[in-house]
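This report concerns only the one structure given below.
Readers should treat all values here as calculations from the given coordinates under stated rules, not as data from a laboratory. Model, not experiment: these values are computed from the prediction. Every residue, glycine among them, receives a Cβ derived from its backbone with ideal geometry; neighbour counts consider all protein chains shown.
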Amino acid sequence: MEVKLLTRNFDRPESWTLDAYEKAGGYRAWKTAFALEPEALIQLVKDSGLRGRGGAGFPTGLKWSFVPKESSSPKYLCVNADESEPGTFKDRYLLEKDPHAVIEGILICCWAVGIHHAYIYVRGEFGLPLFRLRDAVREAYAKGYLGHDVDGHGFDLEVTVHRGGGAYICGEETGLIESLEGKKGQPRIKPPFPAVKGAFGGPTVVNNVETITTLPWIVEHGAAEYRKFGTEKSPGTKLFSVSGHVVRPGVYEIPLGLPCKELVYDLCGGISGGRTMKANIPGGSSVPVLTGAEAEAVNLDYESLAAAGTMLGSGGMIVLDDETCMVWTLAVLEKFYAHESCGQCTPCREGTGWLRDLVYRLEAGGGKSCDLETILSITRNMMGTTICVLADAAAMPAASFVQKFRGEFEAHVGAGHCPMRRRPAHFLTAAH
Amino acid sequence: MQPFATPAEDPALREACRLESMGGPVAFSAAGQAELERLFTRYPTREAVVVPALWIAQREFGWISAEVITLVSGLCGVAPSHVYGVVSFYTMFHRRPRGRIHLQLCTNLSCQLRGAEHVLNCLREKLGIELGGTTADGLFSLDEVECLAACELAPVLQVTETRRAENDSLVGPLDGEAARILIDELRVQAEASPAPVASVGPVADSAHRCPGVPGDMPTNMSSGGVRGVTSGGPGRASSGGAH
Ligand SMILES: Cc1cc2nc3c(=O)[nH]c(=O)nc-3n(C[C@H](O)[C@H](O)[C@H](O)COP(=O)(O)O)c2cc1C
Ligand code: SF4
Ligand code: FES
């Protein structure tokens, strides 16, 4: 079952234009929000139960309430459009197909928190999403929805679209802030949290694109209506981007709590080529992997996925069929984390490289049986020991792959080559 | 663990520390300078404009040289070493001249699951270059890239004409044949539209240096067309989409 809250405008012709957005009732929710006191608006978002869609699932209204009302330095909103978690491509759709909903969400958030300048941090590789967003911001300024005295309400709001330079770590909220300030995107030690001291020294809200884009619907229809979707503890809908071995990869909006089976087999058309699901990475590449059987039994909400030992994360689901080699898969992932570690913390900088090298060697056939314990020991030393959780993001897949597919790892050691007879990938043969 | 190598001993390290010269000082075009001035009004510090300035520079000059770093450092009021640190931290700034069209093939998981390795081999063969290389005619450079947030189009390629504004497009899902056809099509299109003016030279030449924006978009870079749909490789329908 799909529902269309966030995706309600996706099928409209030229849905990304101001004209189409207004015809569809756009920029009305913002007027409703404006009629409310900021505190009442924050309460409304709290009541809706909306949780951050960027990966951590932190309650949005609560995050906003941490920002001091009075502040001597300017407050900022940073919309996180860095979308770089492998398997995640939902924000790209929102930016391409409904950029004005993002802008209206920004208006609502900034009114609630008392912010007069929002930056949208867009990953450097984005083409069309960036161009559409820039055009939409231009249109909104021209129409008086942004800038000085927005729509005659005496509220000023500047919105600046900022293009990143290409680095996964800039999706981490303090890495993003450092990067926005013109530096290397190396995360900061917390506390202080951004809500207290963030961009340019001011209190800062960092929210994911999907989180922000949900706001107009909540304001227009109310918290109770929103709670009619999803579960008690995971209210509302969530965009899942599904890729890998499914018949119809793509972005799907589902009520939280939907059985994973329904998403994979009904909406996505099942596993390609009539094969079976060997494994499922449900929330972006950083979350622990589920076996096919585990995935078929789980529901897609924060609590059910946590109970199954994994996470909802960004909702970037990667489906693996029964012909996939799990050692090879982990090699691809660990190559990514070793490439993206920002290098500040020893456990992460060294650990990601060691994990990559060990898994490469296993896949190439030169692994030893003690390597599996070494991998698990490295992951234990990476988790919870670093400035940001990229180290955990690299360690969790490694630990879960070895634990759940140990037989396959051992078979590589026993055979001295990959038993799935995968041709060596270029990165396994290239010097690194 | 190996002992630490110096850049002289280790090619990978040498590549990581690369910084080359354009042969003389450079300056932004009038349009680029105007864009930069507007940017300074959008941030509370000049330092925050370093990355946006580097984007303008890469569009105008094609790559980031020692002279570009000096230029940006002066304009943004930060040390050249700081600008260099930023340039080398991010993956998208070229520290050497690259081909006119930059091809970035995603080799992350969802693309690998659907045949990125095969597409990579076909591209290498068709272009006659390795990853990181540039064709002898200077038209194409090929790199691998991490997940492009376009996994429903896997295997997916990003095509960018570095010296033109706003033209990055995604092409996918690709197979070997589609990749070869794409290269042929891009070559035909590139030959039909002239390359941007060369950028290297002393400041006095800036008048006829890079016209910058707004250049015509290269025609129909992806089958979806200019700024078009980010899907649908040649002869292939997109299997993705929002449902
Ligand atoms: C390594 C790393 C990468 C991240 N990448 C992203 C990202 O691309 N987009 C995003 O919204 N959040 C990302 N996050 C989460 C952010 O730190 C932050 O929690 C989020 O943007 C907050 O917004 P939300 O509360 O609306 O989810 C990342 C976190 C880490 C540790
Ligand atoms: S955990 Fe890794 S990515 Fe995060 S700050 Fe430390 S070194 Fe950088
Ligand atoms: S893995 Fe290639 S675009 Fe995501």
Gyration tensor on Cα atoms of the stretch A:283-375, a ≥ b ≥ c root eigenvalues, a/c under 1.5 rounded, else prolate if a/b beats b/c, else oblate, says oblate
So, with points 7 Å from each Cα along the Cβ direction, the A:E220-A:M420 label distance in nm works out to 4.4
Counting sequence-distant residues (5 or more places) and residues on other chains, those with an amide H built under 5 Å from that of A:V246 are A:S272
Within the stretch A:308-351, the residues whose backbone N lies under 12 Å from a label point placed 7 Å from the Cα of A:Q403 along the Cα-to-Cβ direction are A:308-311
Honestly the stretch A:18-226 on the Cα gyration tensor test (a ≥ b ≥ c root eigenvalues; a/c under 1.5 rounded, otherwise a/b vs b/c for prolate or oblate) is just rounded
Partner shielding of A:179-189, taken as the mean number of other chain Cβ atoms within 10 Å, equals 5
Projected area averaged over all directions for the convex hull of the alpha carbon atoms of the stretch A:215-353, nm², comes out at 10.0
For the stretch A:326-429 the mean separation of alpha carbon contacts under 8 Å (6+ apart) over residue count, i.e. relative contact order in percent, is 34
Partner shielding of A:86-92, as the mean number of partner chain Cβ atoms within 10 Å, equals 6
The aspartates and glutamates whose Cα lies under 14 Å from the Cα of A:K63, excluding any fewer than 8 residues away in the same chain, are A:E39, A:D47, A:E173
1/(1 + (r/R0)^6) with r = Cβ-Cβ of A:S73 and A:E37, R0 = 25 Å, i.e. FRET efficiency to nearest 0.05, evaluates to 0.60
Rounded to the nearest 0.05, FRET efficiency between B:A66 and A:D156 (Cβ-Cβ, R0 45 Å) equals 0.60
Candidate cut points under GluC sites (Glu not before Pro) in the stretch A:266-350, DSSP loop plus at most 14 other Cβ atoms within 10 Å of their own Cβ, are A:E323
Note to self: Kirkwood Rh of the stretch A:368-419, Cα pairs, one decimal, Å, is 11.7
Simple spin-label estimate for B:R187/A:D357, 7 Å along Cα→Cβ, in nm, reads 4.1
Over its alpha-carbon atoms, the protein assembly as shown yields an Rg and a Dmax in Å of 24.1, 73
Here D for the stretch A:14-80, in µm²/s, from Stokes-Einstein with a Kirkwood Rh over Cα pairs at 20 °C and 1.002 mPa s, works out to 150
Over its alpha-carbon atoms, the stretch A:330-393 yields an Rg and a Dmax in Å of 11.3, 34
Excluding residues fewer than 8 positions from A:K31 in its own chain, the lysines with Cα under 20 Å of it are A:K23, A:K46, A:K143
With 0.36 nm assigned to each residue of separation and the Cα-Cα distance removed, A:A56 to A:D266 gains 72.8 nm
Taking only the alpha-carbon atoms of the stretch B:1-60, the convex hull volume per residue, in cubic angstrom, is 139
Length gained if A:C370 through A:Y141 is fully extended, taking 0.36 nm per residue and subtracting the Cα-Cα distance, is 76.3 nm
Per-residue average of other protein chain Cβ atoms inside 10 Å, peptide A:348-359 -> 0
Links exceeding 25 Å between C-alpha atoms in this model, out of A:K228/A:K261; A:K197/A:K238; A:K69/A:K183; A:K197/A:K228, come to A:K197/A:K238; A:K69/A:K183; A:K197/A:K228
